[in-house]
1. Looking only at the stretch 14-60, count every residue that is buried (at least 17 other Cβ atoms within 10 Å of the Cβ) and free of Cβ contacts under 8 Å to residues at least 40 places away in the same chain and tell me the total.
2. How about the stretch 79-121: which of its residues are free of Cβ contacts under 8 Å to residues at least 60 places away in the same chain and crowded, with 18+ Cβ neighbours inside 10 Å?
3. When you look at Ala139, is it surrounded by 16 or more Cβ atoms within 10 Å (Cβ to Cβ) and closer than 27 Å to Glu14 by Cα, yes or no?
4. Do the conditions hold for Val70, that is, is it in a strand (DSSP E or B) and at pLDDT below 95?
5. Can you name every residue in the stretch 1-11 that is crowded, with 16+ Cβ neighbours inside 10 Å, touching a residue at least 40 places away in the same chain (Cβ under 8 Å) and either part of a helix (DSSP H, G or I) or in contact with an Asp or Glu (Cβ under 8 Å, 6 or more places away or on another chain) (or both)?
6. So which residues in the stretch 81-100 are among the charged types (D, E, K, R) and assigned to a loop (DSSP other than H, G, I, E, B), if there are any at all?
Amino acid sequence: MVTAADLAREPFFEGMRSLDLSRLAKAGRHTDIPAGRRMFAEAAPAERFWLVLDGIVAVDMRGPEGGTLVIDTFGPGSVVGWSWLFRPHRWRFGAVASTPVRAIEFDGRLVRTLSAVDPALGYELTRRFAEQVVSRLEATQTRLARTAPEALGQAG
C-alpha cells in the first residue's frame, strides 16, 4: 500500500498539500518491473505513470528504419510517463525497464478524476509535469547541441 508519507519523501511531490498526497496515494500501487519488460509502447493508450524508486527506465521512440532509438534514461526519483495527462491520452514515446525497476505506478484515469474534482490538485500536477517536460526538452537540446557540430561537419 502506498502512503502519503511515501510520496512526501519524493522530490517530485515535495511541498504538496498532505491532503493531495493522501488522495494520490490511493491512486498508486507498488510494482516491480523486470529488466527488459516494455512498460508502454508509442501510440498505445496512456492511462498510468510511474515514480521510479530503484532501477533504470529507457524512454525510446520508433526509428526511421523500424527499430527503436533510446531518447533518454531515468533512474530513482524520476517520474516516467506524462501522456496520460494530455489528450489524446496516447503514448508519444515508449519505455522499457533497462534494469529491474521498483516503482510506484499511478492510475492516470483516477488521477485525472481527482484533478477534475479538485482543480488545485490538477493545476499542481500539471505544473509539475510541465516542468519535467521542459527540463527534458532542455536536456535533449543540450545533447543535440553537442552532437550537431560533428554531424554538420560530416554532412558538408
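The values are calculated or read from the model by the stated rules, or taken from the named source; none is laboratory data. As the structure is a computational prediction, the values presented were derived from the model and not from experiment. Ideal geometry is used to build each Cβ from the backbone, glycine not excepted, and the neighbour counts take in all protein chains shown.
1. Residues meeting the conditions: 4.
2. Within the stretch 79-121, Val80, Gly81, Trp82, Ser83, Trp84, Leu85, Trp91, Phe93, Gly94, Ala95, Ser115 qualify.
3. The answer is no for Ala139.
4. yes
5. Passing the criteria: Asp6, Leu7.
6. Arg87, Arg92
Here's the yes/no breakdown for (1) outside any helix (DSSP H, G or I); (2) closer than 28 Å to Asp6 by Cα:
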site	(1), (2)
Trp50	yes, yes
Asp60	yes, no
Glu65	yes, no
Arg102	yes, yes
Glu105	yes, yes
Ser115	no, yes
Gly122	no, yes
Phe129	no, yes
